[in-house]
Amino acid sequence: MSVIVLHLGDSIAYGECASQPARAYPQVAAQAVAAEMRAQVETRVVARPGWTSADLAAAVASDNAALTRADVAAVLVGGDDLIQAALASRSQAHLRRHLRAAYRRYAIDLAFIAAACRQAGAPIVLCTLYNPFPHAPLATSAIRGLNSVIGQVASRLRAPVAPVDAWFAGREALLISGYRTGTLRDVLDGRAPVHPNDLGHRLIGLGLAGYISPLAAMRHRLGSTAVWHSRR
């Protein structure tokens with residue numbers, strides 16, 4: 001038996017700040033699922049640094065073959081939606097308006113991605129976002145709002161939610177590459193420390209494996225798919 005797992009997302013799913021490709025969370029998840037199911041696991045990653053939910057939705061719409069061959073899909077996206085809202089804002093009041101608009105668009109995009117996967121026969125896991133700036137009230141509020149949207153979409157679709165935010169909470173300094181103060185001042189000091197380090201990727205991968213394995217087993221009980229693997 002071969003299991004095909006599709007990971008959809010942005011720079012985190014792409015493997016940013018993992019010391020090598022095998023330590024990025026999609027590959028960590030693959031190793032764990034293979035051990036759990038005693039099966040070969042093929043990994044497909046559709047992700048790019050800087051992608052928003054709209055970019056990901058467009059990629060999904062143009063690459064239907066990736067969906068139809070997948071046994072399970074996992075989605076982790078949204079950080080760049082918040083970054084774009086922040087960059088477009090001139091004041092805190094302006095930011096709140098941009099965030100509300102970003103949440104509405106994100107909900108539409110995420111529902112589209114999930115529906116496309118479901119239509120192709122691939123069950124989906126939605127991942128919440130961790131907060132790389134836990135000591136910044138503005139970031140905490142913005143990410144809590146986005147995670148609330150993820151929960152609402154998942155509830156409507158009856159899709160499982162992997163609580164990545166809870167996995168990282170209180171351990172950000174150990175799990176985020178280049179973590180410094182956990183405040184927005186870190187953004188001004190150079191490259192923003194927002195991506196997982198190897199330990200962070202491992203935590204996400206192992207956590208996701210617990211959601212992927214039962215969904216993949218169910219998918220194979222209903223009917224297997226052909227073996228196929230590539231990376232966008």
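The values are calculated or read from the model by the stated rules, or taken from the named source; none is laboratory data. Note that the structure is predicted; figures quoted are calculated from it, not measured. Reconstructed Cβ throughout: ideal geometry from the backbone, glycine too, with neighbour counts over all protein chains shown. Side chains are part of the model used for accessible areas, which takes the heavy atoms of the whole protein and leaves out ligands, DNA and RNA. Shrake-Rupley method; radii C 1.70, N 1.55, O 1.52, S 1.80 Å.
For the range 183-192, indicate whether the set of residues that are closer than 23 Å to Tyr14 by Cα, modelled with pLDDT of 95 or more, open to solvent by less than 70 Å² (accessible area, probe 1.4 Å) and of a type in the set (Val, Ile, Thr) is non-empty.
The answer is no; no qualifying residue exists.
Can you work out which of the residues in the range 44-56 that are open to solvent by 10 Å² or more (accessible area, probe 1.4 Å) and either in contact with a His (Cβ under 7 Å, 6 or more places away or on another chain) or hydrophobic (A, V, I, L, M, F, W, C) (or both) is nearest to Arg69 (Cα to Cα)?
So, considering only residues that are open to solvent by 10 Å² or more (accessible area, probe 1.4 Å) and either in contact with a His (Cβ under 7 Å, 6 or more places away or on another chain) or hydrophobic (A, V, I, L, M, F, W, C) (or both), the one nearest to Arg69 (Cα to Cα) is Arg44.
Only one of these is closer than 24 Å to Val60 by Cα, more than 15 Å from the chain's Cα centre (by Cα) and surrounded by 17 or more Cβ atoms within 10 Å (Cβ to Cβ): Ala101, Ala120. Name it.
Checking each option against the conditions leaves just Ala120.
Within the range 68-90, which residues are surrounded by 17 or more Cβ atoms within 10 Å (Cβ to Cβ), more than 15 Å from Leu110 (Cα to Cα) and among the β-branched types (Val, Ile, Thr)?
If the condition is that a residue be surrounded by 17 or more Cβ atoms within 10 Å (Cβ to Cβ), more than 15 Å from Leu110 (Cα to Cα) and among the β-branched types (Val, Ile, Thr), then Val72, Ile83 are the ones that fit.
Return yes or no: is Arg105 free of Cβ contacts under 8 Å to residues at least 40 places away in the same chain and part of a helix (DSSP H, G or I)?
On the way: free of Cβ contacts under 8 Å to residues at least 40 places away in the same chain: no; part of a helix (DSSP H, G or I): yes.
Answer is no for this residue.
Condition test on His98, is it at pLDDT below 95 and closer than 21 Å to Asp55 by Cα? Let's see the steps before the verdict.
Values: at pLDDT below 95: yes; closer than 21 Å to Asp55 by Cα: yes.
Yes: the conditions hold for His98.
Across the range 176-199, what is the number of residues that are touching a residue at least 40 places away in the same chain (Cβ under 8 Å), assigned to a helix (DSSP H, G or I) and within 21 Å of Ala22 (Cβ to Cβ)?
Counting residues in the range 176-199 that are touching a residue at least 40 places away in the same chain (Cβ under 8 Å), assigned to a helix (DSSP H, G or I) and within 21 Å of Ala22 (Cβ to Cβ) gives 1.
Looking at Met1 and the list (1) open to solvent by 50 Å² or more (accessible area, probe 1.4 Å); (2) modelled with pLDDT of 95 or more; (3) touching a strand residue (DSSP E or B) at 6+ places or on another chain (Cβ under 8 Å), which single condition is not satisfied?
(2)
Looking at (1) farther than 23 Å from Tyr14 by Cβ; (2) open to solvent by 20 Å² or more (accessible area, probe 1.4 Å), which one does Ala65 not meet, given that it meets all the others?
(1)
Looking only at the range 133-162, filter to residues that are over 18 Å from Arg104 (Cα atoms) and without any contact (Cβ under 8 Å) to a residue 40 or more places away in the chain; which one of those is farthest from the chain's Cα centre (by Cα)?
Across the range 133-162, the extreme among qualifying residues is Pro137.
Any idea how many residues of the range 42-91 are within 30 Å of Leu188 (Cβ to Cβ), assigned to a strand (DSSP E or B) and out of contact with any Phe, Trp or Tyr (no Cβ under 7 Å at 6 or more places or on another chain)?
So the count comes out to 1.
For the range 102-114, does any single residue satisfy the condition of being over 15 Å from Gly78 (Cβ atoms) and among the hydrophobic types (A, V, I, L, M, F, W, C)?
Within the range 102-114 (the criterion being over 15 Å from Gly78 (Cβ atoms) and among the hydrophobic types (A, V, I, L, M, F, W, C)), the answer is no, since none of the residues qualifies.
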